[in-house]
Structure formats: C-alpha cells, structure tokens
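Below is one structure, written out as structure tokens; comments come after it.
What follows draws every value from the coordinates through simple rules; no lab data is involved. Quick caveat, the model's predicted, so the values are computed rather than measured. Positions of Cβ are generated from backbone atoms using ideal geometry, with glycine treated the same way; all protein chains shown enter the neighbour counts.
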Amino acid sequence: MEKAIRLQVRKDLNPRQQLTVIKLKGSLISRGYTEIIHILDQDEDFHINTFETADEKRNEVEDYITAFINRENLLDAITIR
C-alpha cells in the first residue's frame, strides 16, 4: 500500500534555496522513493508538493527529507506535513 507524503514549500525562495529544493525532489525520484511529485498552490505563500511512496519506505523517506532539510539549512523553506 502506498502512502502520500506532503511537503509545504515556501514560494519566496532565494535562488540557492530553489536549486536545493530541486535537488531534493530529484534525489527523491532517483533513490526510487517516488516516480512523480505533484505541485499545488496552497495559498499566496506556499506550494504543497505531494508524492506517494511505499508504506514500508515511509519512515526512511521522512528521515531522508529531514536530514536533507537540516543539512542544507532549509528549515524555513520546507516542512513535512
């Protein structure tokens, strides 16, 4: 069974943050955690990025995203929902 993971991404990112968010999304796909990431507007300030991953990989994916956010100093840019 697959479970959706939602990322709340701030819209007003600086160029470095934008590139780093793109790298995160690319790494999620290249590591086989998902095949596609859907992007929707939440409001004036945020996008919601949603993707599905296998239930048994959910904790691994969340740990990977959290470590990436911390390592790349994106705490004010991305939140796991």
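Details
- About its Cα centre, the dipole of the chain is roughly 280 debye, where the only charges are +1 on Lys and Arg Cβ and -1 on Asp and Glu Cβ.
- The loop-placed GluC sites (Glu not before Pro) in region 29-81, going by DSSP, that have at most 14 neighbouring Cβ atoms within 10 Å of their Cβ come out as 35, 44.
- Once volume of the Cα convex hull per residue in Å³ is calculated for the structure shown, the corresponding label among [x] 82; [y] 106; [z] 71 turns out to be [x].
- Listed residue (4, 65, 37) projecting farthest to the positive dipole end of the chain, Cβ model: 65
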